[in-house]
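Structure first, commentary second.
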Amino acid sequence: ETYYSQFVAVNEPPIMSILAYQWLSVCVALLVIPSTQMTPWFFEKLGVAGVCVFGNSCTAIVTSLLLMIGAAFPATNLSFGFFVFVMYAGFPFTVFSQLTTGPMLDAIAPEDKIGFVQGLNNASMNFGMALAPWLFGLLADATNTNVAIITGICFSIGAALANAPLMRHPLMGKQTPKPPPQKRILKGEDEEIVQKMLSGNYVDPELTLEIAKTRAKNGLPTVVPRVRPYAEEKGDLGKLAKEASATFEFRRELADRILAALANRERAENEFSKEELVQFLNTVSRGNSSNQNDELIHQATSDLGVWMGEYLEDNGYSPHTASVLMKQMFMTAFPRLVDDGPQVTEDNVEEYLIRQRRVMNSYAEHKKKTTLLGTFARSAGGYHGHGWW
């Protein structure tokens with residue numbers, strides 16, 4: 001009325017032509033696209049219910065501004081330009097309330113009823129979108145356009161007030177960021193086993209391998225356990241050392257099995273190719289390009305370094321005065337497995353496995369010797385009462 005009808009009524013050229021109105025309508029519809037791109041960020045910051053209330057509030061505010069511009073300012077090209085600017089700038093935010101109903105229902109609907117609930121949601125929205133324009137048209141005919149617009153503003157305010165309590169709902173409020181896959185139990189996994197791994201407790205190495213294999217098949221890295229602080233684990237060092245034998249022997253035997261499989265070049269008789277093995281090892285270790293978490297890797301590595309330093313300090317090694325010696329001892333205990341960075345490649349995978357097998361073999365054999373010596377010492381002490389072992 002402001003930019004078209006009142007000009008046509010006095011036979012003057014309107015500020016907004018019918019063609020301009022059509023283009024405005026088409027371009028407004030396209031503004032739904034940026035709305036869909038922005039909502040995930042707003043969901044993270046406000047929660048789905050918060051975004052719904054924000055969208056309802058934006059609808060009331062933007063509609064009020066447009067009404068004020070159209071009714072309070074004279075119809076000029078400048079006011080029309082300001083009207084279009086406010087409409088285009090505000091419309092993406094007004095759509096938020098419509099984009100939140102689906103996620104809100106997903107959050108509370110039973111898994112086996114989500115399709116049914118979303119169907120009801122779409123049906124009710126389509127029914128409302130078909131009925132509301134007719135009712136507002138009747139209201140505008142019975143009163144005037146401004147009354148119909150003000151009524152719509154009141155509905156938006158009422159919707160914001162009605163949805164506000166949902167912001168306190170644990171499933172619709174601001175959500176705690178989901179931990180990365182390395183730090184959570186995934187669907188289908190044995191919760192007890194993975195929770196033990198996440199807690200930094202010992203888990204049978206065969207079970208940890210099965211979990212790593214399942215995750216790698218889906219392109220996911222394996223679990224990154226919590227590095228328990230040395231002070232927390234100090235009383236359990238004997239148990240930790242006792243469990244080492246099984247781990248060393250398993251890793252040695254695993255290297256043997258993989259090397260034997262690689263030596264068998266007949267793919268039909270081999271459960272994996274070299275390329276698949278390399279991909280598996282790198283995925284297990286660091287993830288792929290979409291889920292690699294360098295910050296998590298560095299934090300776990302730093303925590304392990306702190307643990308080792310505290311262990312050395314607490315067990316008579318004085319790392320603060322013998323850091324060079326400690327580095328030399330450390331490199332002797334942990335020789336290089338790869339020469340050109342942390343990534344395993346098809347060129348170095350066999351050498352990597354051979355070196356790893358050599359390290360695990362030395363640890364396993366050393367553990368056998370120390371266990372045997374301890375047995376002899378206890379036997380000697382038991383028989384003679386003063387064994388020097």
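The values are calculated or read from the model by the stated rules, or taken from the named source; none is laboratory data. Model, not experiment: these values are computed from the prediction. Ideal geometry is used to build each Cβ from the backbone, glycine not excepted, and the neighbour counts take in all protein chains shown. Side chains included, ligands, DNA and RNA excluded: accessible areas come from the protein's heavy atoms. Shrake-Rupley method; radii C 1.70, N 1.55, O 1.52, S 1.80 Å.
The table below gives the values:
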quantity: Among (1) open to solvent by 40 Å² or more (accessible area, probe 1.4 Å); (2) not in a helix (DSSP H, G or I), the one test that Phe280 misses; calculated: (2)
quantity: Sole exception among (1) buried (at least 19 other Cβ atoms within 10 Å of the Cβ); (2) hydrophobic (A, V, I, L, M, F, W, C); (3) farther than 30 Å from Lys178 by Cα for Val26, by number; calculated: (1)
quantity: Residue tally, condition open to solvent by 70 Å² or more (accessible area, probe 1.4 Å) and within 20 Å of Glu44 (Cβ to Cβ), over segment 143-183; calculated: 9
quantity: Residue satisfying all of: in segment 299-334; assigned to a helix (DSSP H, G or I) and touching a residue at least 24 places away in the same chain (Cβ under 8 Å); farthest from Arg355 (Cα to Cα) among these; calculated: Asp314
quantity: Of residues in segment 92-114 being part of a helix (DSSP H, G or I) and small (Gly, Ala, Ser), the one modelled with the lowest pLDDT; calculated: Ala107
quantity: Flag for Leu65 being within 30 Å of Met172 (Cβ to Cβ) and within 36 Å of the chain's Cα centre (by Cα); calculated: no
quantity: Residues of segment 335-366 that turn out to be without any contact (Cβ under 8 Å) to a residue 60 or more places away in the chain, loosely packed, with under 14 Cβ neighbours inside 10 Å and part of a loop (DSSP other than H, G, I, E, B), as a count; calculated: 7
quantity: Matching residues, segment 304-330, being hydrophobic (A, V, I, L, M, F, W, C) and open to solvent by less than 70 Å² (accessible area, probe 1.4 Å); calculated: Trp307, Met308, Leu312, Ala322, Met326
quantity: Residues located in segment 228-264, provided they are part of a loop (DSSP other than H, G, I, E, B) and either within 19 Å of Gln292 (Cβ to Cβ) or without any contact (Cβ under 8 Å) to a residue 24 or more places away in the chain (or both); calculated: Asn264
quantity: Test: residue in segment 78-91 that is closer than 20 Å to Ala159 by Cβ, at pLDDT 85 or above, open to solvent by 50 Å² or more (accessible area, probe 1.4 Å) and assigned to a helix (DSSP H, G or I); calculated: yes
quantity: Residue check for Ser156: in a helix (DSSP H, G or I), of a type in the set (S, T, N, Q) and touching a helix residue (DSSP H, G or I) at 6+ places or on another chain (Cβ under 7 Å); calculated: yes
quantity: Sole exception among (1) out of contact with any helix residue (DSSP H, G or I) (no Cβ under 9 Å at 6 or more places or on another chain); (2) over 30 Å from Gly173 (Cβ atoms) for Tyr4, by number; calculated: (1)
quantity: Filtered residues of segment 191-230 (kept if over 20 Å from Arg251 (Cα atoms) and loosely packed, with under 14 Cβ neighbours inside 10 Å); calculated: Glu191, Glu192, Ser199, Lys217, Asn218, Pro229
quantity: Cβ pairs under 7 Å, 6+ apart, first in segment 4-19 and closer than 21 Å to Phe82 by Cβ, second open to solvent by 60 Å² or more (accessible area, probe 1.4 Å) and of a type in the set (S, T, N, Q); calculated: Ile15/Asn77
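A quick yes/no check of all residues on (1) open to solvent by less than 80 Å² (accessible area, probe 1.4 Å); (2) within 27 Å of Ala148 (Cβ to Cβ); (3) at pLDDT 85 or above:
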position	(1), (2), (3)
Val8	yes, yes, no
Asn11	no, no, no
Ala20	yes, yes, no
Ser35	yes, yes, yes
Met38	yes, no, yes
Glu44	no, no, no
Ala49	yes, no, yes
